[in-house]
Every structure is written in C-alpha cells, then in structure tokens.
Amino acid sequence: MTSKDGYSWTKAQGLRAGVPSIGVIEPPSNVKSTDTVYDVIVVGAGYCGLTAARDASLAGLKVLLLEARDRIGGRSWSSNIEGYPYEMGGTWVYWGQANVWREIARYGMQDELEISYDFSRGINKYLLSTPQGVQSFSHEEEDELMQSSLAKLVNVDGCYGRNVVPFPHSGVLSPEARKYDHMSVADRIAEIKNDLTPNERLCAEAFVLLCSGGTLETTSFYEFLHWWALSGYSYEGCIDYLVKYKFRGGQSSFAIRFFREALASGNLTYSFNSPVASVQHGDESVQITTRAGKTFRGTKMICAIPLNVLNDVKFDPPLATGRKAAATTGHVNQCVKVHAEISDRDLRSFTGISYPHNGLIYGFGDGTTPAGNTHVVAFGGQHNHFHPEENVDHTKAAFEGFAPMSIERLVFHNWSKDEFAKGAWFFPAPGLISTHLKDMRAREHNIVFACSDWALGWRSFIDGAIEEGTRAAITVRADFAGRSKL
Ligand code: FAD
C-alpha cells in the first residue's frame with residue numbers, strides 16, 4: 001500500500017509524493033456505527049497512541065482509535081522501496097531503552113536488528129567539511145575528537161553532568177538543572193570557547209544541532225545534558241543509544257505488531273484518514289468531531305497528538321492555560337532527514353560533518369540497497385533550513401557537501417510541512433521544560449494527554465512514546481477500576 005506521506009525522487013521518475021509502506025492500514029476503518037459510546041477514544045496512532053490503544057483494549061475496554069493519516073506510526077515509519085526500508089522518521093533503538101526493549105522482547109524481535117555502520121571498506125573515514133576545505137580522519141580519531149569536544153561541553157560540574165542530571169528518568173529538576181534549562185547551547189559555547197580547539201567547536205556544535213534540529217540559540221542546554229545523561233554520560237553511549245541499531249524490516253514492521261495485537265483483542269475499533277477537529281469534554285464524557293463532521297462519543301479520551309499541533313484542535317472547554325502556552329511556544333526541531341541511494345560503493349563506510357555552511361550537517365553510510373548501491377542518510381535542521389522537495393538540485397548539492405557522490409534516488413518526509421507534526425522529534429528551547437513539563441503532563445477532566453514530547457525518560461524518542469502510552473492506559477484503567485468496570 002502507498003501512503004500519501006513522504007517523497008521519492010529518481011532521474012527516471014522525477015519527484016513523486018507518497019511512498020509505499022507496510023504501515024498503511026487497509027481497510028482504513030472498521031467503524032460500524034457512530035452510536036457506540038466507547039470506554040476510551042485514543043486520538044493519534046503513533047507509538048504512544050498504539051501502546052495506549054493496545055493496552056486498554058487488552059484490558060477489556062472498548063477502544064476507538066482515530067488517526068489523521070492513512071497509516072500507523074506517526075513520526076516513526078518506514079517506506080519499502082524495491083524491497084528496501086528507508087526510515088522516514090524515528091529509526092534507532094537500543095536495549096538500554098527499557099520501554100522499547102520490553103516491546104521488542106514481547107514481539108520476539110531481538111534478532112531483527114542490524115547495525116547502521118559498516119566500517120570495513122572504501123572511504124573508511126570521517127570527513128570534516130568546512131568552507132575552508134575537507135579534513136579527513138580515521139574513525140578512531142573521530143571518536144577521540146567527538147569525546148573530547150562533548151566532554152568539555154557537558155562538564156559543568158566536574159563530573160560530566162552527573163551531578164546536574166543524576167536521575168535522567170525523573171521529572172524533577174534541581175535549581176541547578178533549571179539554571180541550565182534557561183541557558184542555550186550558544187550560551188554554553190560562549191562560556192567555554194577558549195577551551196575548545198576549532199575542530200572541537202565544530203564537532204560539538206554539529207553534534208548538538210544533530211540532536212536538536214534547532215539552532216544553537218534555540219537549543220536548551222539542559223535538554224542536551226538530559227540526552228547525555230540518558231546515554232550513560234559518554235559519547236560512546238550516545239552512538240549506541242542514538243544512531244546504531246535499527247530494524248532490518250523498518251520501523252513499520254515493529255509498529256504493526258502493536259496494531260495487530262490490539263485488533264486481535266476484539267475490542268478495537270479504528271478509523272484512519274480521520275483528523276480530529278474538535279473535542280467537547282466534561283466530567284462524564286467526551287465528544288469528538290472529525291474534520292469530515294463525524295462525531296464519536298466516549299467516556300474517556302487519550303489525546304496522543306504532538307505538542308506542535310495541539311492548538312490546531314479546538315477544545316471546549318479550552319485547554320488549560322499552561323498547556324496552551326506550551327503548545328503556542330512549541331518545540332524547535334525542524335530536522336531535515338534525507339536518504340540518498342548512491343552508486344558509489346566506496347562511501348558505505350564514511351561518516352561526516354559538513355558545517356556551518358551546508359544544509360545537511362551530519363551524514364553517514366546507513367546500508368546497502370538490494371541493487372548493491374550505498375544508502376547514505378543525512379540530517380539538517382533550522383540551521384540553513386530547506387525543504388528537500390522544493391529544489392531537488394539543492395538537496396543533491398547538500399549531499400555533495402560531504403563528498404562527491406552519484407545520487408540515484410532520494411527519499412524523505414518533510415516534517416516541517418507535515419500538518420500533523422509541524423516538526424520532527426521534540427526538542428525544547430530554553431525554559432520550556434522547567435516552565436511547562438508539569439502542564440504538558442497534567443490531565444484535564446476525562447482527557448489524559450500522552451505523547452513522547454513530554455515523557456520523563458527518553459522524551460522525544462520512541463521509548464518515550466511507549467512510556468507515555470503505557471502511563472495513559474494505566475491511568476484510564478485505574479479510572480474504570482474505581483468504577484468497578486475492570
Ligand atoms: P507521533 O508519532 O507524532 O504520533 C501522533 C499521531 O497523532 C500521529 O500519527 C499524527 O498523525 C496524529 N495526529 C496529529 N494530529 C491529529 C489530529 N488532529 N487528529 C487525529 N490524529 C492526529 N526516536 C527514536 O527513538 N529513535 C530515532 O532514531 C528517532 N529519529 C527520529 C527522526 C525523525 C526525522 C523524527 C521525525 C523523529 C525521530 N524520533 C526518533 C522520534 C520519534 O519518532 C518520536 O518521538 C515518536 O515516534 C513520537 O511518538 P508519539 O506517538 O508520541 O507521537
């Protein structure tokens with residue numbers, strides 16, 4: 001099945017909107033009647049909504065899942081092009097992420113992972129490209145450079161952030177942590193700039209921008225410390241947790257298991273292509289109306305839609321002031337993630353930074369396609385932001401910013417223009433977490449708000465989405481247990 005989402009480009013076919021994915025659900029709806037009153041209506045079929053819908057339906061609750069798109073997975077989905085899964089959004093997982101790993105074990109997918117990197121051949125180098133020229137390093141030298149630059153960046157307490165973020169899965173920020181949340185990474189770089197070599201500064205800045213998809217000025221320094229803490233306070237940990245292990249069959253091969261298990265419970269009704277326009281809610285019930293004018297009723301709602309689009313749904317009574325303010329501020333991540341299939345087999349082992357001049361900042365060999373070509377993935381963000389579909393030549397030139405390459409195919413999803421995301425993974429500007437984390441997590445009447453964007457642990461990751469979906473289902477089940485329904 002082909003989703004409306006995503007783009008591909010080849011010389012022969014030009015630019016095409018929509019790519020095939022096993023995450024597209026057919027038939028798109030199994031709703032029989034709009035008279036049913038559901039126990040819980042889950043809005044959003046990303047990992048958070050899928051987890052919540054599955055857990056609630058397995059617990060015996062009558063669940064309706066409403067999703068705006070034609071597919072599951074939200075910001076994590078894979079396209080299958082000529083037998084090869086290109087990851088359009090969320091990709092890498094790690095066994096140190098407890099919620100993700102619980103689900104991988106549940107579905108027996110432990111042996112379905114592969115390693116993105118292959119440092120065995122060709123241009124087995126780290127290429128640091130700047131307007132002044134290209135420097136070339138071994139991957140061992142790359143690790144040393146990255147480790148020394150990030151260590152200087154995070155070492156605010158003499159123990160590499162361990163004192164500032166001692167419990168990375170806690171939502172409680174110490175006064176020290178709050179101080180760093182009100183500081184941007186640009187502020188922190190200004191503090192340490194005399195301690196950094198030019199290459200260290202380049203590497204630290206490019207790595208931070210890879211993580212935030214924002215600019216140095218709009219990136220909360222605390223949130224970067226939080227990622228660092230979650231990754232075991234080391235650069236090696238960052239690589240293991242953030243960019244190493246992915247599903248051989250793509251993310252949609254994982255997400256579909258959640259959906260199928262929920263469906264098999266016999267308690268799941270669903271409707272895709274159903275953007276929600278408005279929600280009326282009170283102490284006893286919720287009434288949800290889609291843009292097409294269909295109305296559904298439920299006792300509870302789990303709202304699993306992202307922060308940057310929350311204000312696009314009309315709530316009556318309106319959202320609480322703090323939540324509304326958080327959604328108005330939004331997060332800053334406008335990551336541009338693009339895949340290229342290239343005929344240069346020698347580039348399978350390269351990694352590279354192209355900064356500060358280029359639109360794509362960070363890239364590396366990510367796989368070998370069935371045709372034997374190299375698959376390169378690259379990331380940009382708000383820094384030199386561009387829309388890859390608007391000018392394919394510009395997009396190809398951004399890849400050439402790492403090294404000359406013969407591009408056969410491009411594949412991507414433009415998350416900035418996506419009306420149901422308005423951005424990529426959550427990354428906050430200074431102040432958002434210390435001011436609004438509690439507001440984003442609070443429930444309102446019969447609505448539980450759940451999303452990776454305000455998870456406590458792996459906030460902004462697939463793991464955080466599953467953490468939140470689990471919390472939402474437990475909350476709703478507890479409500480029903482109080483009424484002795486369960
Ligand atoms: P979403 O996946 O956004 O789900 C929300 C759902 O709500 C969507 O399906 C959306 O269509 C739907 N929705 C929105 N508005 C409405 C409406 N009005 N009516 C009905 N439905 C609506 N994480 C990792 O762990 N590893 C990675 O390598 C990684 N890389 C990433 C790369 C990119 C480019 C992106 C974009 C994300 C990446 N992430 C990664 C983050 C991860 O994908 C997300 O944090 C996670 O998927 C979010 O899940 P969620 O269910 O909380 O939200």
Give me a count of the residues in region 38-60 that are open to solvent by 10 Å² or more (accessible area, probe 1.4 Å), charged (D, E, K, R) and within 14 Å of the ligand (Cβ to nearest atom). 1
Quick one: which residue in 475, 435 is more than 10 Å from the ligand (Cβ to nearest atom), open to solvent by 50 Å² or more (accessible area, probe 1.4 Å), assigned to a helix (DSSP H, G or I) and not assigned by the TED database to the domain that holds residue 361? 435
In region 241-251, the residues that are among the aromatic types (Phe, Trp, Tyr), open to solvent by 20 Å² or more (accessible area, probe 1.4 Å) and closer than 13 Å to residue 109 by Cβ: 245
Return yes or no: is residue 35 assigned to a loop (DSSP other than H, G, I, E, B), surrounded by fewer than 24 Cβ atoms within 10 Å (Cβ to Cβ) and more than 15 Å from the ligand (Cβ to nearest atom)? yes
Would you tally the residues in region 125-158 being part of a loop (DSSP other than H, G, I, E, B) and closer than 29 Å to residue 180 by Cα? 4
Would you point out the residue of region 316-343, among those that are touching a helix residue (DSSP H, G or I) at 6+ places or on another chain (Cβ under 9 Å) and part of a strand (DSSP E or B), that is nearest to residue 380 (Cα to Cα)? 336
Evaluation of residue 246 against (1) within 16 Å of the ligand (Cβ to nearest atom); (2) within 19 Å of residue 381 (Cα to Cα) (one fails), failing number: (2)
I need a count of the residues in region 299-327 that are under 24 Å from residue 480 (Cα atoms) and either surrounded by 24 or more Cβ atoms within 10 Å (Cβ to Cβ) or within 9 Å of the ligand (Cβ to nearest atom) (or both). 6
If I go through region 330-343 residue by residue, how many of them are under 16 Å from residue 213 (Cα atoms) and either hydroxyl-bearing (Ser, Thr, Tyr) or open to solvent by 20 Å² or more (accessible area, probe 1.4 Å) (or both)? 1
Have a look at 373, 384 and point out the one that is farther than 16 Å from residue 243 by Cβ, out of contact with any strand residue (DSSP E or B) (no Cβ under 6 Å at 6 or more places or on another chain) and free of Cβ contacts under 8 Å to residues at least 60 places away in the same chain. 384
Hey, residue 292 farther than 21 Å from residue 426 by Cβ and either in contact with a Phe, Trp or Tyr (Cβ under 6 Å, 6 or more places away or on another chain) or in contact (Cβ under 8 Å) with a residue 12 or more places away in the chain (or both) or not: yes
Region 252-294 - residue that is in a loop (DSSP other than H, G, I, E, B), more than 15 Å from the ligand (Cβ to nearest atom) and charged (D, E, K, R) and, of those, surrounded by the fewest Cβ atoms within 10 Å (Cβ to Cβ): 283
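The values are calculated or read from the model by the stated rules, or taken from the named source; none is laboratory data. Fair warning: this is a prediction, and the values are worked out from it, not measured in the lab. Quick reminder, even Gly has a Cβ in these numbers, built from the backbone with ideal geometry, and neighbours come from all protein chains shown. The protein model used for the area step is the full one, side chains on, heavy atoms only, and it has no ligands, DNA or RNA in it. Shrake-Rupley method; radii C 1.70, N 1.55, O 1.52, S 1.80 Å.
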